[in-house]
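Have a look at the structure below, then the notes.
Just so you know, all these numbers are worked out from the coordinates, no wet-lab data involved. Given the structure is predicted, the values throughout are model-derived calculations rather than measurements. Using ideal geometry, Cβ is built from the backbone for each residue, glycine included, and neighbour counts are taken over all protein chains shown.
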Amino acid sequence: MFTGEYRHTVDDKGRMAVPVKFRARLDPGSMVSAWLDNCLAIHTKASWDALSAKIEALPLTDPTARLFQRLIFSRAIEAEMDRQGRILLPAYLRELVGLGGDAVVVGSRDHAEIWAPDRWDDYRRALDDPQELARAFEGLGI
C-alpha cells in the first residue's frame with residue numbers, strides 16, 4: 001500500500017528519486033502514466049495489470065471508454081529505477097502536469113501520484129474544510 005507525502009526534486013534530465021518507502025514495491029514492469037486530477041501515477045506491475053484488465057473489459061463501442069484507454073496508455077512509460085532509486089520522467093509527461101524542479105509524491109493506496117507542488121498544495125487546501133469533505137463523501141458509504 002502506498003501512503004504518505006514526500007517532496008523531491010526533479011533534476012535537469014528529468015530524473016526524480018522515488019521515496020525510499022516506495023522503492024521496494026516497484027518492480028520491473030512498473031509504469032508511470034498520466035492520471036486523473038492533472039498528476040502522474042506510478043503503478044506497480046500488479047496494479048497496472050489490474051487497471052489494464054478493467055479497461056479491457058470496457059465496451060469498445062463506448063466513446064468514453066476509448067477516451068480513457070487512450071489517455072492512460074498513450075501517456076504511459078515503464079518506470080525503470082536507476083541505482084540511486086530515480087526514475088526518468090520524460091519532458092512531455094512533466095509538461096503535461098506542470099512539473100518543474102520540484103515534485104510531490106503522494107501515496108494513494110494501490111499507486112503513488114506525482115504532483116506539481118503548487119497543484120498539490122491547492123488540492124490539499126480544498127481538503128481542509130471538514131464539512132465540505134463530509135458532503136463530498138456522503139454517498140460513498142464510509
All aspartates and glutamates inside 18 Å of Lys21 as judged from Cα atoms, apart from same-chain residues fewer than 8 positions distant
Glu5, Glu80, Asp82, Asp110, Glu113
Using a 7 Å offset from the Cα along the Cα-to-Cβ direction at both Asp37 and His8, what is the distance between the two label points in nm, to one decimal?
1.8
How much net charge surrounds Met1 when only the other residues with a Cβ under 10 Å from the Cβ of Met1 are counted, with Lys and Arg +1 and Asp and Glu -1?
+1
Ordered by fewest other Cβ atoms within 10 Å, a rough proxy for footprinting exposure, Met81, Met31 read Met81, Met31
Sorted by Cβ neighbour density within 10 Å, fewest at the top, the residues Arg124, Arg86:
Arg124, Arg86
Its Cα gyration tensor gives segment 1-58 an equivalent ellipsoid whose semi-axes in whole Å, largest first, are 23, 14, 11
What net charge do the residues around Ala126 carry, taking every other residue with its C-beta under 14 Å from that of Ala126, with Lys and Arg at +1 and Asp and Glu at -1?
-3
Which option, (i) 21; (ii) 35; (iii) 46, is the value of percent of Cα pairs over 24 Å apart that was calculated from these coordinates?
(ii)
Sites Thr64 and Glu138 - FRET efficiency at Förster radius 30 Å, r taken between beta-carbons, to 0.05
0.75
Considering Cα pairs under 8 angstrom that are at least six residues apart, work out the relative contact order of segment 5-116 and quote it in whole percent.
40
Expressed in angstrom and rounded, the centroid-to-centroid distance over alpha carbons for segment 80-110 and segment 21-74 is 15
